[in-house]
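Read the structure below first, then the notes.
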Amino acid sequence: MRRQYTKFIVENKYLVEVKPKKLFESDKVKRKKNAAEAFCKDNNLIYKLTAPVKTLTLSDIKILKDEGKIKFTKRYEDRK
């Protein structure tokens with residue numbers, strides 16, 4: 001089974017990417033991390049790579065978004 005983990009911008013300061021810890025050292029994640037860090041440098045953000053602590057439901061994510069606690073990156077915002 002494949003899972004998609006979303007990137008979030010938190011408090012207009014952090015770009016947070018959630019990946020399973022076992023993938024942190026994979027070539028693909030390392031390349032994505034390097035690209036994200038470059039993006040963050042150009043956009044005055046701090047990149048954070050973290051493992052999921054709790055799986056959020058779509059309702060949880062919607063509440064966080066509606067409360068302004070998270071904001072989707074443009075790529076995902078356009079997918080409403």
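Placing R0 at 35 angstrom, the Cβ-Cβ distance between ASP66 and ASP27 gives a FRET efficiency of 0.45 after rounding to 0.05.
I need the GluC sites (Glu not before Pro) found in the stretch 3-80, filtered to DSSP loop residues with at most 15 other beta carbons within 10 Å of theirs. Filter output for the stretch 3-80: GLU11, GLU25, GLU67. Counting only DSSP beta bridges with both residues in the chain, the antiparallel share comes to about 55 percent. Amide H contacts under 5 Å for ILE70: LYS65, restricted to partners 5 or more places along the chain or on a different chain, H placed in the peptide plane at 1.01 Å from N.
Given their separation in residues at 0.36 nm each and the Cα-Cα distance between them, ARG75 and ASP42 gain 10.2 nm when the chain is fully extended.
Residue order for LEU45, LEU23, fewest other beta carbons within 10 angstrom first, comes to LEU23, LEU45.
The string of couplings for the stretch 21-36 from the Karplus curve (6.51, -1.76, 1.60, θ = phi - 60°) is 4, 5, 9, 3, 9, 6, 4, 4, 5, 4, 5, 4, 4, 4, 5, 5 Hz, one whole number per residue in order, with x for Gly and Pro. Kirkwood analysis of the stretch 14-55, using all unique Cα-Cα pairs, places the hydrodynamic radius at 10.7 Å. Entry note, the chain: relative contact order of 38 percent, from Cα contacts under 8 Å with a spacing of 6+ residues. With contributions of -39500 (n - 2.57) from each DSSP H run of at least four residues, the per-residue ellipticity at 222 nm computed over the chain stands at -10500 deg cm²/dmol. In this structure the amide hydrogen of TYR47, modeled in the peptide plane, comes within under 5 Å of the amide hydrogens of LEU15, none closer than 5 places in sequence on its chain.
D for the chain, whole µm²/s, Stokes-Einstein with Kirkwood Rh over alpha-carbon pairs at 20 °C and 1.002 mPa s: what number? Once the numbers are plugged in, D ends up at 159 µm²/s.
Rule-based calculations on the coordinates, nothing more; no lab input. Keep in mind that this is a model prediction, so the values were computed, not measured. So basically every Cβ, Gly included, is an ideal-geometry build from the backbone, and we count neighbours across all protein chains shown.
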